[in-house]
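Colleague: Below are the structure tokens for one structure; questions will follow.
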Amino acid sequence: MSHLDVMDKLVSLCKRRGFIFQSSEIYGGTGSVWDYGPLGVELKKNLKDSWWRAMVRARDDIEGLDAAILMHPRVWEASGHVAGFVDPLVDCRTCKGRFRADKLEDAQCPQKPSKHPGEHTTCQLTEARQFNLMFKTFMGPLEETASVVYLRPETAQGIFVNFLNVQQASRQKVPFGIAQIGKAFRNEITPGNFIFRTREFEQMEMQFFVEPGTDEEHFEYWKAERMRWHHTLGLSPERLRYKAHEQLAHYARAAFDIEFDFGGTLGFQEIEGIHNRSDYDLGRHQEYSGKKLEYFDQPKNKRYVPYVIETSVGADRVTLAALVNAYREESVPGEEEGRVVLGLHASLAPIKAAVFALTKKEGQPEMAHRIAGELRRHFPVDYDETGSIGKRYRRQDEVGTPFCITVDSDSTKDGTVTVRDRDTLKQDRVAADSLRAYLEQRLPA
Ligand code: ATP
């Protein structure tokens, strides 16, 4: 059974609680560009940190990089983006809509009743023409052809052109990888589904350089490893699957996507790609730059252009997957009103614990402030003293806070507080001075 469509509810929750806002909203919004608010920036940062830890810090065979967005325009000729990074575009002369010719079944004609473009008798679709998805701009004061540069449509090329710089500086030996997180821009014809397909987004990409002939085993390794990472984020295994590409690019030796079930009509969609790209990228840059991008394997006394296994995942798309995966509505025993919970994996939760004072008397707020202040040195902590305790729990459940700590009249006498678990609703009585250890045991590092 397909999962429920929770997208509209999430969009509204994300706005109301400060996860994600539409860009330039007071001017009517910018098409498919989104801003991350106070909680959203923490959520996405936690996700990126998890990737960086798994891919760079926890390994000795992958180095980090932060390459610039603007690159030499020849890079995009070598990579094939100037000639080939295109989608087929059709216009409708009647409604003036623009659609991707190969995705008409995913688009809606603005005329009523709702149908796909081309399905109304009045639709007048033009022939498809190729539309390049790269954003163009100019470098320097002259707006002329010679000064055209592009906003990068993927982060990978920054890695390829720095292959030798990184290899020589870090003295890594093949096989090794280079990883980076950064913004990418695509002038998508039909963006949409909230932060699923946007025109500005963040990618987390890793290129693993291997000896030709060993690429298949490395590909299998990375395919399994990347799925494992999605599991560690708490994405439900039954909502994840592999999908083999039906058509391979001419240089690709294998390509799989990891898909996540976003529910509703969106269903399973790509969140990550794992590709065996052969020596295409380094080979092309070698050809276009005239600079050798070979690796010298000393023990084997052999020189070669490495093959590349690439893993490419969208930080925003996985953030959306984590939100969809986490959203649930449930009834609470003994209470009329149900609750909305973001059952986010604790490592992703923007706030790890919230501290409340049951009343504003008997020194409770002072004690709660003291506890919040101490814990804040180690975890992101919220303090809340407004509304009933029930309301305060609901507010934290809705943003995925794993633990709520309440100071009551006993606390000021015996130094203990109540800790309530978001998912089990179980309450523990814990000594205030052992709260840090209590949380550390239960929150992943
Ligand atoms: P699609 O077929 O969905 O356009 P793609 O195959 O072009 O995606 P890749 O070029 O393989 O995507 O990009 C790798 C990853 O970057 C994707 O799996 C996705 O998570 C992310 N990504 C790509 N385009 C966008 C976008 N417009 N908005 C948000 N994330 C994106």
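Just so you know, all these numbers are worked out from the coordinates, no wet-lab data involved. Fair warning: this is a prediction, and the values are worked out from it, not measured in the lab. Neighbour counts are summed over all protein chains in view; Cβ atoms, including those assigned to glycine, are modelled from backbone coordinates with ideal geometry.
Colleague: Just to be sure before I move on: is E154 of a type in the set (D, E), within 16 Å of the ligand (Cβ to nearest atom) and either over 22 Å from the mean Cα position of the chain (by Cα) or surrounded by 15 or more Cβ atoms within 10 Å (Cβ to Cβ) (or both) in the structure I sent?
Modeller: Numbers: of a type in the set (D, E): yes; within 16 Å of the ligand (Cβ to nearest atom): yes; either over 22 Å from the mean Cα position of the chain (by Cα) or surrounded by 15 or more Cβ atoms within 10 Å (Cβ to Cβ) (or both): yes.
Considered against the rule, which asks whether it is of a type in the set (D, E), within 16 Å of the ligand (Cβ to nearest atom) and either over 22 Å from the mean Cα position of the chain (by Cα) or surrounded by 15 or more Cβ atoms within 10 Å (Cβ to Cβ) (or both), E154 comes out as yes.
Colleague: Of the residues that sit in segment 226-252 and are touching a Leu at 6+ places or on another chain (Cβ under 9 Å) and assigned to a loop (DSSP other than H, G, I, E, B), which one is surrounded by the most Cβ atoms within 10 Å (Cβ to Cβ)? Lay out the reasoning, then the answer.
Modeller: Taking segment 226-252 first, the residues touching a Leu at 6+ places or on another chain (Cβ under 9 Å) are 227, 230-231, 233-234.
Subset that is assigned to a loop (DSSP other than H, G, I, E, B): 233-234.
On the way: L233: 20, G234: 15.
Only one residue fits best here, namely L233.
Colleague: What number of residues within segment 187-225 satisfy the criterion of being of a type in the set (K, R) and either surrounded by 22 or more Cβ atoms within 10 Å (Cβ to Cβ) or away from the ligand (no atom under 13 Å from the Cβ) (or both)? Reasoning before the result, please.
Modeller: In the first step, residues of segment 187-225 are kept if they are of a type in the set (K, R); the result is 197, 199, 223.
Of the ones still in play, those that are also either surrounded by 22 or more Cβ atoms within 10 Å (Cβ to Cβ) or away from the ligand (no atom under 13 Å from the Cβ) (or both) are 223.
Total satisfying the criteria: 1.
Colleague: Do you know which residues across segment 1-44 are out of contact with any strand residue (DSSP E or B) (no Cβ under 8 Å at 6 or more places or on another chain), more than 19 Å from Q396 (Cα to Cα) and not aromatic (F, W, Y)?
Modeller: M1, L4, D5, M7, D8, S24, E25, I26, G28, G31
Colleague: Now a separate question. Identify, by number, the condition in (1) in contact with a Gly (Cβ under 8 Å, 6 or more places away or on another chain); (2) surrounded by 15 or more Cβ atoms within 10 Å (Cβ to Cβ) that S147 doesn't meet.
Modeller: In the conditions (1) in contact with a Gly (Cβ under 8 Å, 6 or more places away or on another chain); (2) surrounded by 15 or more Cβ atoms within 10 Å (Cβ to Cβ), S147 misses (2) alone.
Colleague: Which number in (1) buried (at least 19 other Cβ atoms within 10 Å of the Cβ); (2) more than 10 Å from the ligand (Cβ to nearest atom); (3) polar (S, T, N, Q) marks the one condition that S170 misses?
Modeller: It fails just one condition, (1).
Colleague: Which residue pairs have Cβ atoms under 9 Å apart, sit 6 or more places apart or on different chains, and have a first residue in segment 393-421 that is closer than 22 Å to R339 by Cβ and in contact (Cβ under 8 Å) with a residue 12 or more places away in the chain and a second that is surrounded by fewer than 18 Cβ atoms within 10 Å (Cβ to Cβ) and of a type in the set (S, T, N, Q)?
Modeller: Between residues of segment 393-421 that are closer than 22 Å to R339 by Cβ and in contact (Cβ under 8 Å) with a residue 12 or more places away in the chain and residues that are surrounded by fewer than 18 Cβ atoms within 10 Å (Cβ to Cβ) and of a type in the set (S, T, N, Q), the close pairs are T406/Q427; D408/T359; T418/Q427; V419/Q427; R420/Q427; D421/Q427.
Colleague: Still on this structure: Tell me, which strands (runs of 3 or more DSSP E) wholly within segment 253-323 include 3 or more residues that are within 16 Å of the ligand (Cβ to nearest atom) and surrounded by 18 or more Cβ atoms within 10 Å (Cβ to Cβ)? Walk me through it before giving the result.
Modeller: On the way: elements: 254-261, 268-276, 295-297, 302-304, 307-314.
Passing ranges, in order: 254-261, 268-276, 307-314.
Colleague: Is it the case, given these coordinates, that K9 is in a helix (DSSP H, G or I) and within 16 Å of the chain's Cα centre (by Cα)? Explain how you work it out, then say what you get.
Modeller: On the way: in a helix (DSSP H, G or I): yes; within 16 Å of the chain's Cα centre (by Cα): no.
Criteria not met by K9.
Colleague: Still on this model: Might you check whether a residue that is buried (at least 17 other Cβ atoms within 10 Å of the Cβ) and assigned to a loop (DSSP other than H, G, I, E, B) occurs anywhere in segment 41-48?
Modeller: no
Colleague: Just need a number here: residues in segment 430-445 that are in contact with a strand residue (DSSP E or B) (Cβ under 9 Å, 6 or more places away or on another chain) and surrounded by fewer than 12 Cβ atoms within 10 Å (Cβ to Cβ).
Modeller: Going through segment 430-445, the residues in contact with a strand residue (DSSP E or B) (Cβ under 9 Å, 6 or more places away or on another chain) turn out to be 430-432, 435, 438-439, 442-443.
From the residues that got through so far, the ones that are surrounded by fewer than 12 Cβ atoms within 10 Å (Cβ to Cβ) too are none.
Matching residues across segment 430-445 total 0.
Colleague: Follow-up question, since we're still on this one. Within segment 68-99, how many residues turn out to be of a type in the set (G, A, S), part of a loop (DSSP other than H, G, I, E, B) and surrounded by fewer than 18 Cβ atoms within 10 Å (Cβ to Cβ)?
Modeller: Of all residues in segment 68-99, those of a type in the set (G, A, S) come to 68, 78-80, 83-84, 97.
Remaining after also requiring part of a loop (DSSP other than H, G, I, E, B): 68, 79-80, 97.
Still in the list and also surrounded by fewer than 18 Cβ atoms within 10 Å (Cβ to Cβ): 68, 80.
So the answer is 2.
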